[in-house]
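Have a look at the structure below before the remarks.
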Amino acid sequence: MKVTVRREGDLERLDELIARERVAVQRDRLRAVRLALDGVEALQIAATLSRSRRFVQEWAYAYRDGGVEAIRPGKSSGRPTKLPRDKEQAFRARMLGGAVVTGKAVAHAQEMLSAAESQDQETARIKRPRPRAS
């Protein structure tokens, strides 16, 4: 794999980017290019970085064709959102506004509490010990 320095200062720039990068996969991309520029073979770089030969070639050739800027990955498309863009603001406001309690919800909660209390009373009455006959 023959990759040469595109611009003066690229080696130093790569070293700086490698030192600052916190995302492991991006750091490996930069390191693959740096090692390729040093003349290390793709298989050896792949073994050193625990990456595939294809990974090494992809990023070394990206540098060869576009320079240091080409090593930056594009934005991942991911799954498209199901929420339409025009409804995002309303949804955000609703979520940040907290729970809204309606009259029906309050009545239902009170009914459930009342039922639970009466069940507790009935359970307590049933479980009372009976007086012993002497």
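The values are calculated or read from the model by the stated rules, or taken from the named source; none is laboratory data. Remember, predicted model here, so these are calculated numbers, not experimental data. Virtual Cβ from ideal backbone geometry, glycine too; neighbours counted across all protein chains shown.
Just a few scattered comments:
- Enumeration of residues in segment 1-37 that are part of a loop (DSSP other than H, G, I, E, B), of a type outside the set (D, E, K, R) and in contact with a Leu (Cβ under 7 Å, 6 or more places away or on another chain): Val3, Val5
- Thr102 vs. criteria of a type in the set (Ser, Thr, Tyr), at pLDDT below 85 and within 26 Å of the chain's Cα centre (by Cα): no
- Count of segment 1-24 residues which are surrounded by 13 or more Cβ atoms within 10 Å (Cβ to Cβ) and over 18 Å from Gly39 (Cβ atoms): 3
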